[in-house]
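Participant: Please see the structure below; I have some questions.
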Amino acid sequence: MTIRLKNLAGLSRNELSAELNAMGEKPFRTKQLWHWIYHQGETNFDQMTSLSKSFRMALAERYEVRRPKISDTQTSKDQTKKWLIRFEDQQEAETVYIPENGRGAVCISSQVGCTLTCTFCRTGTQKLVRNLTAPEIVGQFMLARDFYGEWPTPTDGGRLISNIVMMGMGEPL
């Protein structure tokens, strides 16, 4: 049986701090690790080179930075991209990138299924199954940033992803 390590992606800063506190780490480590996960988009502790080697090894023994999986991708003529995201329980929801001149929106699901029945949305064609967790919601945005090479956070104003739209009824929030 494979033991699943705890996923750090999707934790709040306070939750991340509590995890590092439990390891006996100093408070400044939270800021360092937060930067690597949410500004650099790094998933491999070995690549987090501003962290000490012993700290990286300790992290790798207990944690991982994991994204949900993409089970299908569709691209329309206007380059709108739809990803069908599969979560650990094998449930699926949709994430969509809608491009515009010099910017774009990522539409992120907050639920598996929906009661709104929007016909243009795959998630809307499913009955409501459950609310997504914070790591599942944040993971969708991180996947979009992975796909469009938006790591590290662009500082030159050349972002492809400029807006986030939440799909679903919002109960998880």
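The values are calculated or read from the model by the stated rules, or taken from the named source; none is laboratory data. Computed from a prediction, not measured in an experiment: that's the story for all the values here. We place every Cβ from the backbone using ideal geometry, glycine too, and count neighbours over all the protein chains shown. SASA here: full protein model, heavy atoms, side chains in, ligands and nucleic acids out. Shrake-Rupley method; radii C 1.70, N 1.55, O 1.52, S 1.80 Å.
Participant: Do you know which of the residues in segment 84-120 that are open to solvent by less than 20 Å² (accessible area, probe 1.4 Å) and assigned to a loop (DSSP other than H, G, I, E, B) is farthest from VAL165 (Cα to Cα)?
Facilitator: Per the criteria, the residue is PHE87.
Participant: Quick check, is LEU59 more than 18 Å from ILE164 (Cβ to Cβ), out of contact with any strand residue (DSSP E or B) (no Cβ under 6 Å at 6 or more places or on another chain) and either open to solvent by 90 Å² or more (accessible area, probe 1.4 Å) or hydroxyl-bearing (Ser, Thr, Tyr) (or both)? Show your work before the answer.
Facilitator: Details: more than 18 Å from ILE164 (Cβ to Cβ): yes; out of contact with any strand residue (DSSP E or B) (no Cβ under 6 Å at 6 or more places or on another chain): yes; either open to solvent by 90 Å² or more (accessible area, probe 1.4 Å) or hydroxyl-bearing (Ser, Thr, Tyr) (or both): no.
In short, no.
Participant: Inspect all residues belonging to segment 70-83 and state whether any of them is outside any strand (DSSP E or B), open to solvent by less than 70 Å² (accessible area, probe 1.4 Å) and either in contact with a Ser or Thr (Cβ under 9 Å, 6 or more places away or on another chain) or basic (Lys, Arg) (or both).
Facilitator: Pass one, segment 70-83, residues outside any strand (DSSP E or B): 76-80.
From the residues that got through so far, the ones that are open to solvent by less than 70 Å² (accessible area, probe 1.4 Å) too are 76, 80.
Checking which are either in contact with a Ser or Thr (Cβ under 9 Å, 6 or more places away or on another chain) or basic (Lys, Arg) (or both) leaves us with none.
No - not one qualifying residue is present in segment 70-83.
Participant: Kindly indicate whether any position in segment 153-165 is exposed (fewer than 12 other Cβ atoms within 10 Å of the Cβ), in contact (Cβ under 8 Å) with a residue 60 or more places away in the chain and not in a loop (DSSP other than H, G, I, E, B).
Facilitator: Checking segment 153-165: at least one residue is exposed (fewer than 12 other Cβ atoms within 10 Å of the Cβ), in contact (Cβ under 8 Å) with a residue 60 or more places away in the chain and not in a loop (DSSP other than H, G, I, E, B).
Participant: Would you confirm whether any residue within segment 138-149 is surrounded by 14 or more Cβ atoms within 10 Å (Cβ to Cβ), in contact with a Gly (Cβ under 8 Å, 6 or more places away or on another chain), among the charged types (D, E, K, R) and in contact (Cβ under 8 Å) with a residue 24 or more places away in the chain?
Facilitator: There is at least one residue in segment 138-149 that is surrounded by 14 or more Cβ atoms within 10 Å (Cβ to Cβ), in contact with a Gly (Cβ under 8 Å, 6 or more places away or on another chain), among the charged types (D, E, K, R) and in contact (Cβ under 8 Å) with a residue 24 or more places away in the chain.
Participant: A further question on this structure: Tell me which residues, restricted to segment 28-56, are outside any helix (DSSP H, G or I), of a type in the set (Val, Ile, Thr) and open to solvent by less than 70 Å² (accessible area, probe 1.4 Å).
Facilitator: The answer is THR43, and nothing else.
Participant: Collect the residues in segment 121-137 that are among the aliphatic types (A, V, I, L, M), in contact (Cβ under 8 Å) with a residue 40 or more places away in the chain and open to solvent by 30 Å² or more (accessible area, probe 1.4 Å), keeping them in residue-number order.
Facilitator: ALA134, the sole residue that qualifies.
Participant: Which residue out of ASN163, ASN131 is in contact with an Asp or Glu (Cβ under 6 Å, 6 or more places away or on another chain) and at pLDDT 90 or above?
Facilitator: Sole residue among the options that is in contact with an Asp or Glu (Cβ under 6 Å, 6 or more places away or on another chain) and at pLDDT 90 or above: ASN131.
Participant: Mind telling me which of the residues GLU25, GLU61 ends up being outside any loop (DSSP other than H, G, I, E, B), more than 15 Å from the chain's Cα centre (by Cα) and more than 27 Å from ILE108 (Cα to Cα)?
Facilitator: GLU61
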